[in-house]
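To start, the structure itself, in structure tokens.
The values are calculated or read from the model by the stated rules, or taken from the named source; none is laboratory data. The structure presented is a predicted model; accordingly, all values stated were derived computationally and were not measured. When we count neighbours, we look across all protein chains shown, and the Cβ atoms used for this are built from the backbone with ideal geometry, even at glycine. SASA here: full protein model, heavy atoms, side chains in, ligands and nucleic acids out. Shrake-Rupley method; radii C 1.70, N 1.55, O 1.52, S 1.80 Å.
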Amino acid sequence: MRDRRTYKSILPTVGLLVAAASLAGCGGNVGNKQAAATLTKLPITATESGKQLSLTVPKTVPAGLVTVELTNVGKAFHEAQLIRLAPGHTPDDAMRVIAAEGSPSPGWIHVAGGTGPAPPGGKRSATQRLRPGNYIVYDAPFQNEGSGLKFGLASFKVEGAANSGGKLPTAVAKIEAYEYGFRASGLTAGKNTIEFSNTGTEPHHVIAVPYKPGATLAEVRKAFRRTGGVEPPLDYRNVAYTARIDGGARQITELDLAKKGKYALLCFVSDRKGGPPHVAKGMITEVTVR
């Protein structure tokens, strides 16, 4: 149950660093401000203690619409991937599943959104609906590859009855994931507030990587079909990505796109039944960032 990415190549055959999930314009132009103002907040503070990534979260949060707010007060990258556990299962159970590369994902574990990576001193947020239950927050950004840092882990509980009240804020930029591709609109250079939706049945995230000069979609697809040795012609220094969400889920989140031009949208999550990452099944879409 691994999300297979590496910072240099993000190729599934080159190394598996970030475990977590088989399981418009600058400022974002977000609407529904009055509704957003009443949302519950889930503050998460991230830092390091030596070589250990560390997360601080509240013990509980009410079910329903929640804004996950990640604040990075450390010197490394941090992210906040939420994972919901069915009753009777522990964080240790979840970590054993996450570590089992490419294995089937049991029905008691579900990716549940959260935020992508925040740089040192930065912040990231995501607004989404949280169901009641026990959760863990998992922190293992692949930007820290080679630093020797150990992943961070924290637990919290979402209390109360399932709450379908309220509406998500709106966003101009949108990315929709499905089996096996993306539909995107409204993406611009800089920090985008986006509506990220998963209309498929499998869990998905989106990794956005700019093309290198002169690269084509055909070359990118060909490189990811290879079993090794050829690195896709992508600018990995400017990667941006979201958290992983389950089929049928939506969130309003942030995606910081460094420059204009063509990007590849990729998914490295595997099906719940196990197997190769979705990029190996052709989940690669070309978009133009204005």
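Some observations on this one:
- If the condition is being open to solvent by 40 Å² or more (accessible area, probe 1.4 Å), touching a strand residue (DSSP E or B) at 6+ places or on another chain (Cβ under 8 Å) and farther than 21 Å from LEU39 by Cβ, then the range 160-181 contributes GLU176, TYR178.
- From ARG221, ARG226, residue being charged (D, E, K, R), over 29 Å from VAL68 (Cα atoms) and in contact with a strand residue (DSSP E or B) (Cβ under 9 Å, 6 or more places away or on another chain): ARG221
- Scanning the range 193-217 for residues being closer than 15 Å to VAL287 by Cα, of a type outside the set (A, V, I, L, M, F, W, C) and in a strand (DSSP E or B) gives a total of 2.
- Top-ranked residue in the range 82-105 [being among the small types (Gly, Ala, Ser) and part of a loop (DSSP other than H, G, I, E, B); ranked as most open to solvent (accessible area, probe 1.4 Å)]: GLY88
- Listed by first and then second residue, the pairs linking a residue in the range 64-89 that is among the β-branched types (Val, Ile, Thr) to a residue that is open to solvent by 10 Å² or more (accessible area, probe 1.4 Å) and not in a strand (DSSP E or B), with Cβ atoms under 7 Å apart and 6 or more places separating them unless they lie on different chains, are VAL66/LEU39; THR67/LEU39.
- Annotation for the range 138-149: at least one member residue is open to solvent by 40 Å² or more (accessible area, probe 1.4 Å) and in contact with a Lys or Arg (Cβ under 7 Å, 6 or more places away or on another chain).
- Looking across the range 64-80 at every residue that is assigned to a strand (DSSP E or B) and of a type in the set (Gly, Ala, Ser), the one that is surrounded by the fewest Cβ atoms within 10 Å (Cβ to Cβ) is identified as GLY64.
- When ILE83 is tested against (1) out of contact with any helix residue (DSSP H, G or I) (no Cβ under 9 Å at 6 or more places or on another chain); (2) modelled with pLDDT of 95 or more, only condition (1) is not met.
- Number of the condition not met by THR201 [criteria: (1) closer than 20 Å to ARG124 by Cα; (2) open to solvent by 10 Å² or more (accessible area, probe 1.4 Å)]: (1)
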